[in-house]
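Asks: Handing you a structure now.
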């Protein structure tokens, strides 16, 4: 009888381990793995996000798609082939901006309206397609862990192209915001003058945990450790390998933090926490009622004012 109980317990443990592994694999594949079709994520955000700004948003996306970008390629440190694009400023360039898009998204969508604004207001623009997304190589999205290394390489390219006298800024949206914040842990060119982080998260571990809770209503333990294990084996990185918070504790590059107060994907408290621990000169812009990655449209005047005052302060000398 005791032996039967032990065998039953062992079998149950085996089933539980298999179930956890299956959950980890499913979550890893759906959350982190690239789509087989690089254009599958091209659907525009729905009314739940645009809330009356759909026409302006779509116009911004179409402008980005039609702008005459010079296509660029870059080889990442681990050999992954990355794709980007360069658009010179309309008129004389006063600065250059690198734009880093978010999870399962595109720069055309995440920076709808913003690219045109930069182009028409004296900024050369470098857009990048994150690894594991669209035309860039890489089988997995790594939630900023490897992407931050890619951004450092792109920033080096942009700084060399622009010259040492042109201030360079890194502007990220959602996972792209986390990417540019984490890039401060890498070696960046000296003329990277500032960072704009719009709705970034505190760490890959934190956002994975938050999504598992929000999407499946599952607790951290034992599911997140299972996801972590599968991620390490399949995608080759650790959810705890890098922390935005830890990197920001020793940050030196001035940073503008932006977040919409009605963001239901990346909780606004994550940006507030990032802002609180950041040791560099910093500014915080919270946009009332804005949904995820839509602060630009919900209060365009406030967003532009925050950008312009940030640039003015850093470029006044």
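Every number in this text was worked out from the coordinates using simple rules, so none of it is lab data. All figures in this text were calculated on a predicted structure; none of them were measured in a lab. Please note: Cβ atoms are built from the backbone with ideal geometry, for glycine as well, and neighbour counts cover all protein chains shown.
Asks: Using only Cα atoms and rounding to the nearest 10 degrees, what angle (0 to 90) does helix 147-162 make with the longest principal axis of the chain?
Replies: For helix 147-162, the angle is close to 20 degrees.
Asks: Just need the Rg to Rh number for the chain, please, alpha carbons only, Kirkwood Rh.
Replies: My calculation of the ratio gives 1.02.
Asks: Provide the convex hull volume over Cα atoms per residue for segment 120-169, in Å³.
Replies: Spelled out: Cα convex hull of segment 120-169, divided by residues, is 98 Å³.
Asks: Another one. Under a crude label model (7 Å from the Cα following the beta-carbon direction), how far is residue 277 from residue 51 in nanometres?
Replies: 2.8 nm
Asks: Tell me the mean residue ellipticity at 222 nm calculated for the chain from its helices only (DSSP H runs of n ≥ 4, each -39500 (n - 2.57), averaged over every residue, nearest 500).
Replies: -14000 deg cm²/dmol
Asks: In addition: Could you rank the peptides 241-248, 193-200, 100-107 by their average count of other C-beta atoms within 10 Å per residue, with the highest value first? It would help to have the intermediate numbers written out before the result.
Replies: Details: 241-248: 20.5, 193-200: 27.2, 100-107: 25.4.
Taking the mean over residues of other Cβ atoms within 10 Å, the ranking is 193-200, 100-107, 241-248.
Asks: Which order do the peptides 114-121, 230-237, 128-135 take when ranked by the mean count of other beta-carbon atoms within 10 Å per residue, highest first?
Replies: 128-135, 114-121, 230-237
Asks: Report the Rg/Rh value for segment 67-184, based on alpha-carbon coordinates and the Kirkwood definition of Rh.
Replies: Expressed as Rg/Rh, it is 0.94.
Asks: Test of understanding: extend the Cα→C-beta vector of residue 238 to 7 Å, then name every residue of segment 125-160 with backbone N under 18 Å from that spot.
Replies: 142-149, by backbone N distance to the label point.
Asks: Give me the orientation-averaged projected area of the Cα convex hull of segment 195-317, in nm², one decimal.
Replies: About 8.6 nm², averaged over all directions.
Asks: Nearest 10 degrees, 0 to 90: what angle lies between the long axis of helix 54-66 and the longest principal axis of the chain (Cα atoms)?
Replies: 80 degrees
Asks: Can I ask one more? May I ask you to order 69-80, 136-147, 163-174 by the average number of other C-beta atoms within 10 Å around their residues, highest value first?
Replies: In decreasing order of mean packing, 69-80, 136-147, 163-174 become 136-147, 163-174, 69-80.
Asks: Quick one: Cα centre-to-centre distance for segment 199-240 and segment 135-189, in angstrom?
Replies: 23 Å
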